[in-house]
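Below: one structure, written as structure tokens.
What follows draws every value from the coordinates through simple rules; no lab data is involved. The structure presented is a predicted model; accordingly, all values stated were derived computationally and were not measured. Here the Cβ positions follow ideal geometry from the backbone for every residue, glycine too, while neighbour counts run over all protein chains shown.
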Amino acid sequence: MRDVCVIGTGMIPFGKYPDKTLAEIGWPAVKEAIIESGVPHKSIDAVYCGTALGGMLAGQRVMKTLGLTGMPIINVENACSSSSSALAEAWTAVASGRHDMVLIVGVEKLTKFGGGTLPLEREDWEVNQGMVMPALYAMRAKRYMHEYGLSARQLAEVSVKAHDHGALNPNAQIRKRVTVDEVMSSRPVADPFTLWHCCPTGDGAAALVIGSVDFAREQKSNPVRIAASEVTSGIYTNGYRDMTWAELTARGAREAYEMAGVGPDDVDVAELHDAFTIAELMYYEAFGFCERGHAYELLSSGATSLGGNICVNPSGGLLSRGHPVGATGAAQAVEIVRQLEGRAGAHQVEGAKVGIAHATGGGIAGLDHGACSIHIFVR
Amino acid sequence: MTKPSTLVVNQAAANADSRFVAPDLVALDSKGKPRLIGGRCRNCQVLSFPRAAVCVSCFSEDIEKVQLAEEGTLYSYSIVHQAPKGWTVPYALGYVDLPDNVRVLAHLDAPAENIAINMPMRLAVGVVGADASGAPLLSYTFTVV
């Protein structure tokens, strides 16, 4: 395996684009990534497109708009980890020597569903009994609150931080700051979550061009290296499960740290999968940023806010930047690359050298989550 | 919250074929009480709910239908206010732990203020939503013991 680096990044502001097609949402991100990379646009060896609900041949629909076709175009579906799984497949293709330069695009249009909770497969027996994604995370939150004495107001502080960060990010879907009182008094979704505890639905696209390290150095000095690329799936059981521990993410994090040769103390910035407020706290623990049961202390210390020593979700995360499911992983990767290159703008994490992108999800009975993909970037 | 109504058992029996959300998961015992139908691997005795097609422990396909325990302990829950069409919101949803490592997701037929983590709960049947024509849909539920 050879080293793989990021050569170009692109993304559109996440938001609601009900009048655009999936291809119209996707192509501007791809064009930006290719232009940023500086490579001839016809020289892309392969395309990996992540989308969860975009339908057949999403990648071809996006790429033909730019006249870039004929190469292998692989469409990847892995729920919330779709485009991060696409990135992992692309990494493997370059690291193995099969391809020199590969494009990844994540694209999603959730406005076509007209709002509400994410549509899940009714053949899943829990979905057939009324499971919705907010309820799954809400039950984790309730149990965590029960075991560790966390209050709903403390939980709301995750949302306050996310929106403080997102307000600084021109690509964020929600750029409004909120207070704990506003979070607590917004409409209920799934107890203990009100609306502001939940990521919004919306549309978006993000793209990256990656290449072998030698290829990347022809384009730019000191490119960001992908030090770990990891995909795992949840472990099935129909029995008891500790819902206060993100087993899948913890397992993926351990493997990713080992692959990258870094540990939690080395991480400067992380984009973690905060689909709901409780998720961010549980992932602090799964990534080893703090001990089990101590996530709120880490949050309230300011360590994970901009200016802290391990900034989590400077983009605003899923809660504020938005979560067009299949586009999220690529957007997180774009964010981390730009952070490490020092060009994140108003929400820059100063001096960041090591960053994590983490996308996990998918409601499926018997699994913690369906999929989890983690990338560690180093510069 | 809106409290789902608990039906008398013979009424549930009369409608079991067409009105249950998942008729395969529920049956009535000899005394007419609802029971959850799970599976037990004849080879290694591992329980499953819903009844597994293949035993995840030993790969056997010889899995008998068994009635699961009627009482369990509430692991966690949420009062759900936003859900797809067909569900009567708000509703309480929870994970009930039955003996022998079986966890069941169920509607909880109790007022929100009466529900607490780790409380004992008992199996029942109730209305959980409505079909496209507005007719009530039934499922197994758990109530406060």
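Rounded to the nearest 0.05, the FRET efficiency derived from the C-beta distance between B:Ile117 and B:Cys58 at R0 = 22 Å is 0.10.
When both segment A:310-362 and segment B:118-145 are represented by their alpha-carbon centers, they are found 42 Å apart.
Among the listed pairs A:Lys142/B:Lys33; B:Lys31/B:Lys65; A:Lys112/A:Lys142; A:Lys112/A:Lys220, those whose Cα-Cα separation exceeds 29 Å are A:Lys142/B:Lys33; A:Lys112/A:Lys142; A:Lys112/A:Lys220.
Can you compute the charge dipole magnitude of chain A about its Cα centre, using +1 on each Lys and Arg Cβ and -1 on each Asp and Glu Cβ, nothing else charged? Give it in debye, rounded to the nearest 20. Mind showing how you got there, number by number?
Details: 32 positive and 41 negative charges, 178 e Å.
It comes to approximately 860 debye.
Of B:Glu71, B:Glu61, B:Glu113, the residue with the greatest mean-square motion in the GNM of chain B, using alpha carbon springs below 10 Å, is B:Glu113. log₁₀ I(q)/I(0) of chain A at q = 0.09 Å⁻¹, via Debye over equal Cα point scatterers, no solvent, to two decimals? One equal scatterer on each Cα of chain A leads to -0.44. Using unit Cβ charges (K, R positive; D, E negative) and no other charged atoms, how large, in debye to the nearest 20, is the dipole of segment B:9-144 about its Cα centre? In total the dipole reaches around 80 debye. With the simple model of a label 7 Å out from the Cα in the direction of the Cβ, A:Phe113 to B:Ser30 spans 4.7 nm. Counting Cβ atoms of other protein chains within 10 Å of each residue's Cβ and taking the mean over peptide B:84-95 gives 4. Here A:Lys176 is the anchor, and the lysines within straight C-alpha reach of less than 20 Å, apart from those fewer than 8 places off in the same chain, are A:Lys16, A:Lys161.
From the P(r) of segment A:76-181, can you give the percent of Cα pairs sitting at distances over 23 Å? Summing the P(r) of segment A:76-181 above 23 Å gives 57 percent of all pairs.
Dividing the summed helix terms, -39500 (n - 2.57) for each DSSP H run of n ≥ 4, by the number of residues in chain A produces a 222 nm estimate of -10500 deg cm²/dmol to the nearest 500. Compared with the alpha-carbon gap, the fully stretched path from A:Asp265 to A:Trp245 is longer by 5.2 nm at 0.36 nm per residue.
Between helix A:82-95 and chain A there is an angle of about 40 degrees, using the helix long axis and the longest principal axis of the Cα atoms.
Over chain A, what relative contact order in percent results from Cα pairs under 8 Å that are six or more residues apart? Mind dumping the intermediate values first?
Working: 956 pairs, mean separation 98.5, N = 379.
Normalised by residue count, the contact order of chain A is 26 percent.
Axis angle, to the nearest 10 degrees, between helix B:9-19 and the longest C-alpha principal axis of chain B: 80 degrees.
Regarding segment A:1-136, what whole-number volume in Å³ per residue does the convex hull of its Cα atoms give? Present the calculation step by step, with values, prior to reporting the outcome.
On the way: hull volume 17.6 nm³, N = 136.
Taking only Cα atoms, segment A:1-136 has a hull volume of 129 Å³ per residue.
Comparing B:Ser76, B:Ser133, B:Ser57 in a Gaussian network model of chain B, where Cα atoms under 10 Å apart are tied by springs, the biggest mean-square fluctuation is seen for B:Ser133.
Considering only A:Phe14, A:Leu87, A:Gly97, whose Cα is most displaced toward the positive end of the charge dipole of segment A:12-126, charges sitting on Cβ of Lys, Arg (+1) and Asp, Glu (-1)? So the residue furthest toward the plus end is A:Phe14. Residues considered: A:Ser233, A:Ser151, A:Ser37. Largest GNM mean-square fluctuation over chain A, using C-alpha springs under 10 Å, is found at A:Ser151.
Dividing the mean sequence gap of close Cα pairs (under 8 Å, 6+ apart) by how many residues chain B holds gives a relative contact order of 25 percent. The residue list B:Leu98, B:Leu68, B:Val125 was ranked by how far each Cα lies along the charge dipole of chain B toward its positive end, using unit charges on Cβ atoms, and B:Val125 comes out on top.
Please report A:Met259, A:Met145 as a ranked list, fewest other C-beta atoms within 10 angstrom at the top and most at the bottom. Before the final figure, lay out the partial values.
On the way: A:Met259 16, A:Met145 19.
So the residues, fewest neighbours to most, are A:Met259, A:Met145.
Semi-axes of the equivalent ellipsoid for segment B:9-144, computed as √(5λ) from the eigenvalues of its C-alpha gyration tensor and ordered from largest down, come to 25, 19, 14 Å.
Taking R0 as 35 Å, what FRET efficiency do you get between B:Thr73 and A:Ser185 from their Cβ-Cβ distance, rounded to the nearest 0.05? Kindly include the intermediate steps, with their values, before the conclusion.
Numbers: r = 33 Å, r/R0 = 0.94.
According to the calculation, E is roughly 0.60.
For segment B:46-62 versus segment A:89-112, the spacing of their alpha-carbon centroids is 37 Å. Roughly how many Å is it from the Cα centre of segment A:229-266 to that of segment A:276-293, as a whole number? Going from one Cα centre to the other spans 12 Å.
Averaged over peptide A:239-245, the number of partner chain Cβ atoms lying within 10 Å of each residue's Cβ comes to 4. The long axis of helix A:22-37 is offset from the longest Cα principal axis of chain A by roughly 60 degrees. For segment A:255-351, the equivalent ellipsoid derived from the Cα gyration tensor has semi-axes of 19, 16, 15 Å, listed largest first. For segment A:1-103, calculate the relative contact order in percent as a whole number, restricting contacts to Cα pairs under 8 Å that are 6 or more residues apart. 31 percent.
Taking every DSSP helix (H) stretch of at least 4 residues in chain B, weighting each as -39,500 (n - 2.57) and dividing the sum by the residue count yields a mean residue ellipticity at 222 nm of -2500 deg cm²/dmol.
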